[in-house]
Amino acid sequence: MVESKELLKNLQEFQKGNKEAFHDVYANTDRILYQTIYLLVRSKEVAEDLMQETYIRVLEHDWLKDKNGNVLAYFITVAKNLAFNYLKKHQREEMISGEDESYYFHSHDKKEETPLLDMMSATLKKDEMLIVYLYVVEEWTHKEIAKLLHRPLGTITYKYQVALKKLKEKVGNENE
């Protein structure tokens, strides 16, 4: 996990006029932001759009006054909220139009489908997918995830265990 102090320093430098400092911020946050948003919206194009909106919102924050904030948690919270807002709006539109879309996982860097994440999205709830992703791929602790998602540690641990059980059952059923 990237150091929050390093991100804060780069954001402060950016707001002082050093435009190059943003490159470091982007390089240290693009993957986790994209994956977090994608796991919720399940659309490559929408994830990319919401990722840009996340950066715009984050850069509007006054980082020069913010001395101790958890910058990465702020990034992910903004991204997660934008994704949930998109989903609420999209669900309303879908109910009106009656559309049914199929979603496929596309890596941010590669244009290939990922069967494991397709299986996860078909098996797990959105919050379970996010917890599994943050724990397994990003190697966050359950405590860090609980703090980020503003949930009790026990809830995160429980949801992680439930998600693993669902995935094990799914894999077992497919192998039979």
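Annotations for the structure displayed:
- For GluC sites (Glu not before Pro), the sites in the range 119-159 that DSSP calls loop and that have at most 11 other Cβ atoms within 10 Å are GLU139.
- Inter-probe distance in nm under a simple model that places probes 7 Å from Cα toward Cβ, at HIS90 and LEU59: 2.4 nm
- Here the range 2-78 and the range 120-167 have alpha carbon centers that stand 22 Å from each other.
- FRET efficiency for THR123 and LYS143, using Cβ-Cβ distance with R0 set to 41 Å, rounded to 0.05: 0.95
- Neighbour-limited loop hits for trypsin sites (Lys or Arg not before Pro), the range 1-85 (at most 15 other Cβ within 10 Å; DSSP other than H, G, I, E, B): LYS16, LYS19, LYS65, LYS67
- Relative contact order (%) - the range 118-176, alpha-carbon pairs under 8 angstrom, separation at least six: 37 percent
- Linear extension gain, LYS5 paired with LYS165, 0.36 nm per residue minus alpha-carbon span: 54.0 nm
- Applying the criteria of a DSSP loop state and at most 12 other Cβ atoms within 10 Å to the chymotrypsin sites (Phe, Trp or Tyr not before Pro) of the range 32-84 yields no site.
Taken together, the values in this text are just the output of simple stated rules run on the coordinates, not laboratory data. What you see is a predicted model; the values in this text were computed from it and never measured. Here the Cβ is made from the backbone with ideal geometry for all residues, glycine too, and neighbour counts use every protein chain on show.
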